[in-house]
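To start, the structure under review is shown below, and the notes come after it.
The values are calculated or read from the model by the stated rules, or taken from the named source; none is laboratory data. None of the values given here were measured: they were computed from a predicted structure. Backbone-built Cβ (ideal geometry, glycine too); neighbour counts: all protein chains shown.
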Amino acid sequence: MERDNLWANDLSANDRGDKMKTTDSLPNSPIWDLRRFDQARRQAAVEMMRDLPLQDPAQHVLMMCIHRVCQSGALPSQRELAKMTQRSPATVTASLQVLERQGLIRRTPDETDQRINRVELTGDGEDLARECCRRIEALDVRMIDGLSPEEQEILSRLFGKMTRNLAAYTGEDKEGDAID
């Protein structure tokens, strides 16, 4: 209910012209630029991964998340992977089934709580996950090419502010490690 009041207050402010109006979210606004950037980044990532034996970009993200958690010495649960990738548990389960059939991951019950499935990479899965990470890191370097360290810091601060603004509506802390 409080979120509804916040939203109503924002709409009232928009009516008064105090904030960016909805109609300002057209092709010449920073928000539209952000949408174009996100689309270009997604297309570039798909192109970079085209020759890898995975069906969709969500599987690349899942493999990288599993790899990063396993590097810390832990095995992620399916629920943790859903949260990390910002996907539903059902979607993650379906993707994991495909990866398991391909021999890229193994799911095992948690030692202390049999209701929890832990996920680990097989040898082939580890090789593929490392390659996914290498390619995404190369894309990240390409994305910030030409930006000074100061510009990168400003960009990070601005994204942080926008993320906190949106988190106020959902009541969640969105400064996590979502990879995409």
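Looking at 33, 51, 4, just one residue is out of contact with any helix residue (DSSP H, G or I) (no Cβ under 8 Å at 6 or more places or on another chain) and modelled with pLDDT under 50, and that residue is 4. State which residue is surrounded by the most Cβ atoms within 10 Å (Cβ to Cβ) when the search covers only segment 35-55 and only residues that are in contact (Cβ under 8 Å) with a residue 12 or more places away in the chain and farther than 18 Å from residue 141 by Cβ. The qualifying residue surrounded by the most Cβ atoms within 10 Å (Cβ to Cβ) is 54.
With respect to the stated conditions, residue 112 fails to be at pLDDT below 95 and surrounded by 15 or more Cβ atoms within 10 Å (Cβ to Cβ).
Considering 97, 59, 114, the condition of being in a helix (DSSP H, G or I), of a type in the set (S, T, N, Q) and farther than 26 Å from residue 139 by Cα is satisfied by 97 alone. Looking across 149, 76, one residue alone is of a type outside the set (Ser, Thr, Tyr), modelled with pLDDT of 95 or more and surrounded by fewer than 11 Cβ atoms within 10 Å (Cβ to Cβ). It is 149. Checking the condition surrounded by fewer than 12 Cβ atoms within 10 Å (Cβ to Cβ), within 27 Å of residue 48 (Cα to Cα), out of contact with any Gly (no Cβ under 6 Å at 6 or more places or on another chain) and of a type in the set (Ser, Thr, Tyr), which residue from 88, 95 passes? None of the others qualify; the one that does is 88. Can you spot a residue in segment 123-135 that is surrounded by 12 or more Cβ atoms within 10 Å (Cβ to Cβ), of a type in the set (A, V, I, L, M) and closer than 26 Å to residue 172 by Cβ? The answer is no; no qualifying residue exists.
Applying the set (1) at pLDDT below 95; (2) part of a helix (DSSP H, G or I) to residue 81 leaves exactly one unmet item: (1).
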